[in-house]
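Peer 1: Pasting a structure below so you can have a look.
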Amino acid sequence: MRARFFRSSSRIRSMSVNSTSLSSTIDDDNQSPKGLAALAGRMWAVLFLIALIVFFSLVAPGFFDLFNFQAVGANMAVLLVLGLGQTFVIISAGIDLSTGFVMGLASVASALVMQSLTGYPLAVIIIAGLATTLLIGIAAGAVNGALVAYMRVPPFIATLGTLSIAEGVAYVLSGGPPVSISTRGLGFFGNGFIAYFHPEAGISILGLPNGVSGSAVREVMGFFPLQVFYIIILASFCGWLLGRTRFGRHVYAVGGNPKAASRAGIPLAWTLFKIYVLCAVSASLAGFLYVLRFNGGVANAGDALMLSSVAAIAIGGASMLGGEGRILGTVVGALVIAVIQNGLVILGIDPFWQYVAVGAVIIMAVLVDQAKGKFLS
Amino acid sequence: MTMLTPDTTSHTTKQPASIVQGPRADGQSPVLRCRKITKRFGGLVAVDQVDFDVYPGETVALLGDNGAGKSTLIQMIAGVYRPDGGVIELDDQAVDIRSPLHARDLGIETVFQDLALCDNLGASENIFLGREIPGKAYGMLPGLNEAKMRAEAKAVLSELHINIRNLDAPVRTLSGGQRQATAIARAVYWKARLMIMDEPTAALGVPEQKKVLSLIETLKQRGVPVIVISHNMQDVFEVADRLFIMRRGRAVADLRAADTDANEVVRLMVG
């Protein structure tokens, strides 16, 4: 009897609750102060970048200049491409320490292949170099992916191992010194521009204007560096992959709650495997961009860049705990680092100070992220 | 589909065997029929030849003290464990549930205690997680149909009288009740034949508990049978039509909620 009474009375209560919507009992997450804070939290890296640009424009003569901006864009290419793949890894709550030396190995291996093909048509040399690059990337990524995804080795340890292996192989292949390539025309792909202008010879696309030679070359202005063109293509591709596809959605899910992702039917190991392959391929492509830019490969070309690329990702708002991050954030982070480097050089400050400045920005990024979390909760 | 050999060994002979379930008087056939289902972990018989039926549109509370075997029984139905003996039938078809994913494909949706939501994703993203609707990105590349997923998510949530203002906001910013509702909405959207809820009201405030209980009522009205595991007697009597009580791996009682009370249930649970 008691139970029956219990039952009917509480059912009436439950029906009355039914009519009121749940939202009335919870905090409204769209209230303006919090909304603004959230927006500022998301946008702070952009605001910081704008502040940096304004600052250097005021204090560093020659900073606010189209040609300087083009140089910043071209200089950040390798760093950004290293960071693109790493963004996926960090969102999946992992880390790939090997990218710097996978980049170095790819640069050495592709430079060796391209060197050995000296005399062949330029297209053959470039395609062979690119194929070597991709091969190195896929191989290194498959090793990382197999270790992390299938053998459950913690990413930090697995990729530390491949870092050392890639470093060793790169030094063995190169013997130590840089591997240089002396093929005419290759430099254009690394340092060229989409458009050129000369006061007398006029405008030309993808090559110097006709009839310009000797000292006149110095009067030619280049517009839109090819390195910038490459990173726009690669960043757009990664942005699409991460933000607009099933795979990208699964990267976030795996990083946010692997157990839930797995229960939802997402193949955990296969997704992780693909993430590490993607990261190593992006690292090897960074190596190829390096080869194009400097006409050669060096085993330790990416040594210092790996941590800078992680810094770019952190500045871009990704969480080192996984689940958060965007390609656009990584692009902004890489720009912040590139602008600091460039600005300090123009100011004539000892270039070693850039490490101090970038370090300070990384710490600031983390503090802002934490403050954001505290403010919103 | 495999028939597993029924377990004939028993770790003790002192206790009576589990109660058996037979066909119902009205001739209706159950959505879920478990016969002599058994699970051993080493020497421990966690579930011992248990018969367990669930009929369309009913809410069954699965009760028992800690270690009674109710979680193990549920996990066999949800595909987490595979039984060592016995048969599971869904709509009169014997099934071998190979994995949690397979269970979902068969229409068995489980709302786990820890919800199995990705906190960093929005409600809509969670509802469609792993089963995203393909679409176009930037109008030409393969991608996801976000608009359709959001609209469908909104529809199923409003059907269940759940109001989530921003379907893209990470679910970690939602209240416990909204999160629970998201998990339930996911199950409802994917046309669950059978819902399993593990402690659905634990860790919720009182108004949100009521909301979740009313959601269970809504599911019942839609004809979806629900198995609820709960320690909260008040909740149990509020939503359950039937109480299925386990003790030390065996089924000890199967009662209509209207015919019993909390005292009797507790007595049966502890033995």
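The values are calculated or read from the model by the stated rules, or taken from the named source; none is laboratory data. Since the model is a prediction, treat every value here as computed from it, not as a measurement. Neighbour counts run over all protein chains shown; Cβ positions are idealised from the backbone, glycine included.
Peer 1: When you go through (1) under 26 Å from the mean Cα position of the chain (by Cα); (2) surrounded by fewer than 16 Cβ atoms within 10 Å (Cβ to Cβ) one by one for A:Phe189, which number turns out not to apply?
Peer 2: It is condition (2) that A:Phe189 fails.
Peer 1: Evaluate the following for B:Glu132: is it in the same structural domain as B:Gln178 (by TED's automatic domain parsing), at pLDDT below 95 and within 15 Å of A:Gly265 (Cβ to Cβ)?
Peer 2: Against the criterion (in the same structural domain as B:Gln178 (by TED's automatic domain parsing), at pLDDT below 95 and within 15 Å of A:Gly265 (Cβ to Cβ)), B:Glu132 qualifies.
Peer 1: Of the residues that make up region B:156-163, is at least one at the interface with chain A (Cβ under 9 Å from one of its Cβ atoms), within 21 Å of the chain's Cα centre (by Cα) and β-branched (Val, Ile, Thr)? Outline the logic, then answer.
Peer 2: Kept after step one, since they are at the interface with chain A (Cβ under 9 Å from one of its Cβ atoms), are these residues of region B:156-163: B:161-163.
With within 21 Å of the chain's Cα centre (by Cα) added as a condition, the list becomes B:161-162.
With the extra rule that they be β-branched (Val, Ile, Thr), the set shrinks to B:162.
Checked region B:156-163: at least one residue is at the interface with chain A (Cβ under 9 Å from one of its Cβ atoms), within 21 Å of the chain's Cα centre (by Cα) and β-branched (Val, Ile, Thr).
Peer 1: Looking only at region B:94-150, filter to residues that are hydroxyl-bearing (Ser, Thr, Tyr) and without any contact (Cβ under 8 Å) to a residue 40 or more places away in the chain; which one of those is farthest from the other protein chains (Cβ to nearest Cβ)?
Peer 2: Among residues in region B:94-150 that are hydroxyl-bearing (Ser, Thr, Tyr) and without any contact (Cβ under 8 Å) to a residue 40 or more places away in the chain, the one farthest from the other protein chains (Cβ to nearest Cβ) is B:Ser99.
Peer 1: Also, quick follow-up: Can you tell me which condition B:Val171 does not meet? The list is (1) hydrophobic (A, V, I, L, M, F, W, C); (2) modelled with pLDDT of 90 or more; (3) loosely packed, with under 15 Cβ neighbours inside 10 Å, and all the others hold.
Peer 2: (3)
Peer 1: Please go through region A:120-177 and pick out each residue that is among the polar types (S, T, N, Q) and out of contact with any Leu (no Cβ under 7 Å at 6 or more places or on another chain).
Peer 2: Listed by number, the residues that qualify are A:Thr132, A:Asn144, A:Thr162, A:Ser164, A:Ser174.
Peer 1: Just wondering, is there one or more residues in region B:183-197 that are closer than 24 Å to B:Val31 by Cα, among the aromatic types (Phe, Trp, Tyr) and within 11 Å of chain A (Cβ to nearest Cβ)?
Peer 2: yes
Peer 1: Taking B:Thr218 as the residue in question, decide whether it is touching a residue at least 12 places away in the same chain (Cβ under 8 Å), buried (at least 22 other Cβ atoms within 10 Å of the Cβ), more than 7 Å from chain A (Cβ to nearest Cβ) and not aromatic (Phe, Trp, Tyr).
Peer 2: no
Peer 1: Take the conditions more than 27 Å from A:Ser236 (Cα to Cα) and assigned to a helix (DSSP H, G or I) and apply them to A:Val356. Does it pass? First the steps, then the outcome.
Peer 2: Values: more than 27 Å from A:Ser236 (Cα to Cα): yes; assigned to a helix (DSSP H, G or I): yes.
In short, yes.
Peer 1: Here's a follow-up. With the requirement that a residue be surrounded by fewer than 24 Cβ atoms within 10 Å (Cβ to Cβ) and closer than 30 Å to A:Gly248 by Cα, what does region A:80-124 give you?
Peer 2: Matches in region A:80-124: A:Ala93, A:Ile95, A:Leu97.
Peer 1: Give just the number: which of (1) surrounded by fewer than 22 Cβ atoms within 10 Å (Cβ to Cβ); (2) of a type outside the set (Asp, Glu); (3) outside any helix (DSSP H, G or I) does B:Asn263 not satisfy?
Peer 2: All conditions are met except number (3).
Peer 1: Would you pick out the residues in region A:319-351 that are more than 14 Å from chain B (Cβ to nearest Cβ) and in a loop (DSSP other than H, G, I, E, B)?
Peer 2: Scanning region A:319-351 gives A:Leu347, A:Gly348, A:Ile349, A:Asp350, A:Pro351.
Peer 1: Then there is this: State all residues of region B:246-271 that are closer than 23 Å to B:Pro30 by Cβ, among the hydrophobic types (A, V, I, L, M, F, W, C) and more than 14 Å from every other protein chain (Cβ to nearest Cβ); if no residue qualifies, say none.
Peer 2: If we filter region B:246-271 for residues that are closer than 23 Å to B:Pro30 by Cβ, which is where we start, we get B:246-247, B:249-260, B:265, B:268.
Filter once more, keeping what is among the hydrophobic types (A, V, I, L, M, F, W, C): B:246, B:251-253, B:255, B:257-258, B:265, B:268.
If the condition is that a residue be closer than 23 Å to B:Pro30 by Cβ, among the hydrophobic types (A, V, I, L, M, F, W, C) and more than 14 Å from every other protein chain (Cβ to nearest Cβ), then B:Met246, B:Ala251, B:Val252, B:Ala253 are the ones that fit.
Peer 1: Ok, one more. Only one of (1) touching a residue at least 40 places away in the same chain (Cβ under 8 Å); (2) more than 9 Å from every other protein chain (Cβ to nearest Cβ); (3) surrounded by fewer than 21 Cβ atoms within 10 Å (Cβ to Cβ) fails for B:Gly86. Which number is that?
Peer 2: Only one criterion in (1) touching a residue at least 40 places away in the same chain (Cβ under 8 Å); (2) more than 9 Å from every other protein chain (Cβ to nearest Cβ); (3) surrounded by fewer than 21 Cβ atoms within 10 Å (Cβ to Cβ) is unmet by B:Gly86, namely (3).
Peer 1: How about region B:69-141: which helices (runs of 4 or more DSSP H) wholly inside it have at least 2 residues that are touching a Cys at 6+ places or on another chain (Cβ under 9 Å) and of a type in the set (S, T, N, Q)?
Peer 2: none
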